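Engineer: Quick one: structure below, then a few questions.
The values are calculated or read from the model by the stated rules, or taken from the named source; none is laboratory data. Note that the structure is a prediction, hence the values are computed from the model and not measured. Glycine also receives a Cβ, built like all others from the backbone with ideal geometry; neighbour counts cover every protein chain displayed.
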Amino acid sequence: MKLIVTGGLGFIGSAVVRHFAARPEHTVLNIDKCTYAGNPASVISVSDLPNYSLAQADIVDGPAMHKLVADFAPDAILHLAAESHVDRSIDGPGEFIQTNVVGTFSMLQAARDYWSKLPEKRRAAFRFVHVSTDEVFGSLGDSGAFTETTPYQPSSPYSSSKAGSDHLARAWHHTYEMPVIVTNCSNNYGPYQFPEKLIPLVSLKCMAGEPIPVYGRGDNVRDWLFVEDHVSALERVLERGVPGETYNIGGECELSNLEVVKTICSIVDDLKPVGTPREELIEFVTDRPGHDFRYAMNIEKIRRELDWQPAENFSSGIEKTVRWYMQNTGWWQAIMDGSYRLERLGVA
């Protein structure tokens, strides 16, 4: 398969790139703007392979996307490029509208122009998979879970921009019959995640013996999905997904933020004991503006129709993740030496 991955230097995108480019039967073109969260070191294991190439380009640039898609002639596009951090969207929402809404429009247009000119057999086989988030559904109470038909109720600039991009993707299928599939995933974690996100942030704070900020009382609940499970789900969607359909992807692992933080503290205590429990570093801070209380994903549809379910449980996945950050200081230290120093963002 010839596969375009947008945002393939980011956290989830780089996991997708590493997975497919490691298989010589696939050819992968990675389109990435190389923003603060795009790290070439995340794909170094495949960067020298003959079946991998990187195009540094902005998905908002329509003419550039038309040329890249037409020249590469893909069998499928996995569209992951996005501004993704809620706190940054609070500080600067404009960039999220540009990348997530305008950029998705640009990719859909480039793909439609290319797809419409394909021979009939290749037109039928082509797929455009738009990768999105559970945050578009808004916030849940103490019970229930999001399904593929849950009404959208986004509550942050980030989730609103992703909701807009989801609607565009579905419209291009409905209006132009382009074979688009939408996926909505829960919170991802794993190696190579930019340290502004909760799990790497807490891991690095623990290792450094620095105060660990927890929003509010740490009661907010998320469903946690190991990134490699997400990649396997996307592969299954490419193989068996039905155009026009939406698939929820989740880890079936609901935990409060405080539970996650305490688990990381315990793992670091075991791997790098210092005498004083790291839990004592926890500091409760003013909550994020508009912080959604709870997300949970019902994944019965993808389990039933595509025969997929998560393979990793949180206990094993979080230990693998924390160990990775402890063993790969060079990867995150380069980020710390640059523009991000674990400071709090999104205080509005």
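Engineer: Report whether or not Asp223 is under 27 Å from Phe105 (Cα atoms) and of a type in the set (D, E, K, R).
Structural biologist: No.
Engineer: Taking only segment 246-261 into account, find how many residues are touching a helix residue (DSSP H, G or I) at 6+ places or on another chain (Cβ under 6 Å) and not in a strand (DSSP E or B).
Structural biologist: The qualifying residues number 2.
Engineer: Sort through Lys121, Lys162, Lys117 and tell me the only one that's among the basic types (Lys, Arg), in a loop (DSSP other than H, G, I, E, B) and modelled with pLDDT of 95 or more.
Structural biologist: Values: Lys121 fails: in a loop (DSSP other than H, G, I, E, B); Lys162 fails: in a loop (DSSP other than H, G, I, E, B).
Checking each option against the conditions leaves just Lys117.
Engineer: Oh, and also: Somewhere in segment 186-205, is a residue in contact (Cβ under 8 Å) with a residue 60 or more places away in the chain, of a type in the set (Val, Ile, Thr), closer than 21 Å to Trp324 by Cα and in contact with a strand residue (DSSP E or B) (Cβ under 6 Å, 6 or more places away or on another chain)?
Structural biologist: Yes: one or more hits.
Engineer: Mind checking which pairs have a first residue in segment 286-298 that is on the phi > 0 side of the Ramachandran plot and without any contact (Cβ under 8 Å) to a residue 12 or more places away in the chain and a second that is surrounded by fewer than 16 Cβ atoms within 10 Å (Cβ to Cβ) and part of a loop (DSSP other than H, G, I, E, B), Cβ under 7 Å, 6 or more apart or different chains?
Structural biologist: Note: no pairs meet the criteria.
Engineer: Among the residues of segment 270-295 satisfying the criterion of being touching a Ser or Thr at 6+ places or on another chain (Cβ under 9 Å) and charged (D, E, K, R), which is farthest from Gly317 (Cα to Cα)?
Structural biologist: Arg288
Engineer: Let me ask another. In the set Gly275, Gly216, Gly209, Gly244, which member is over 17 Å from Phe137 (Cα atoms), free of Cβ contacts under 8 Å to residues at least 12 places away in the same chain and surrounded by fewer than 19 Cβ atoms within 10 Å (Cβ to Cβ)? Lay out the reasoning, then the answer.
Structural biologist: Details: Gly216 fails: free of Cβ contacts under 8 Å to residues at least 12 places away in the same chain; Gly209 fails: free of Cβ contacts under 8 Å to residues at least 12 places away in the same chain; Gly244 fails: free of Cβ contacts under 8 Å to residues at least 12 places away in the same chain.
Answer to the check: Gly275.
Engineer: Shifting gears a bit: From the list Gly290, Gly241, exactly one residue is modelled with pLDDT under 95 and touching a helix residue (DSSP H, G or I) at 6+ places or on another chain (Cβ under 9 Å). Which is it?
Structural biologist: Gly290
Engineer: How about segment 124-142: which of its residues are assigned to a strand (DSSP E or B) and either touching a Gly at 6+ places or on another chain (Cβ under 9 Å) or closer than 21 Å to Gly8 by Cα (or both)?
Structural biologist: Scanning segment 124-142 gives Arg127, Phe128, Val129, His130, Val131, Ser132, Thr133.
Engineer: Then there's this: Do we find a residue being surrounded by 15 or more Cβ atoms within 10 Å (Cβ to Cβ) and among the polar types (S, T, N, Q) anywhere in segment 16-33?
Structural biologist: So far as segment 16-33 goes, yes, one or more of its residues are surrounded by 15 or more Cβ atoms within 10 Å (Cβ to Cβ) and among the polar types (S, T, N, Q).
Engineer: Quick check, is Val322 under 26 Å from Asp287 (Cα atoms), at pLDDT 95 or above and not acidic (Asp, Glu)?
Structural biologist: Yes.
Engineer: Read through the list (1) in contact with a Ser or Thr (Cβ under 8 Å, 6 or more places away or on another chain); (2) aliphatic (A, V, I, L, M); (3) within 24 Å of His230 (Cα to Cα); (4) in contact (Cβ under 8 Å) with a residue 40 or more places away in the chain, then give the number of the only condition that Val60 fails.
Structural biologist: (3)
Engineer: Go through segment 272-312 and count every residue that is within 30 Å of Glu235 (Cβ to Cβ) and assigned to a helix (DSSP H, G or I).
Structural biologist: Selection size over segment 272-312: 7.
Engineer: Does Glu254 count as over 26 Å from Tyr152 (Cα atoms) and under 22 Å from the mean Cα position of the chain (by Cα)?
Structural biologist: Spelling it out, it is not the case that Glu254 is over 26 Å from Tyr152 (Cα atoms) and under 22 Å from the mean Cα position of the chain (by Cα).
Engineer: For Ala111, work out the one condition from (1) at pLDDT 95 or above; (2) surrounded by fewer than 22 Cβ atoms within 10 Å (Cβ to Cβ); (3) of a type in the set (A, V, I, L, M) it doesn't fulfil.
Structural biologist: So the condition that Ala111 fails would be (2).
Engineer: In segment 61-77, how many are in contact with a helix residue (DSSP H, G or I) (Cβ under 6 Å, 6 or more places away or on another chain), assigned to a helix (DSSP H, G or I), of a type in the set (A, V, I, L, M) and under 15 Å from Phe105 (Cα atoms)?
Structural biologist: Number satisfying all stated conditions: 2.
Here is a yes/no grid of residues against (1) in contact with a Cys (Cβ under 9 Å, 6 or more places away or on another chain); (2) crowded, with 19+ Cβ neighbours inside 10 Å; (3) more than 21 Å from Gln333 (Cβ to Cβ):
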residue	(1), (2), (3)
Thr149	no, no, yes
Ala169	no, yes, yes
Asn188	no, yes, yes
Lys197	no, no, no
Lys205	no, yes, no
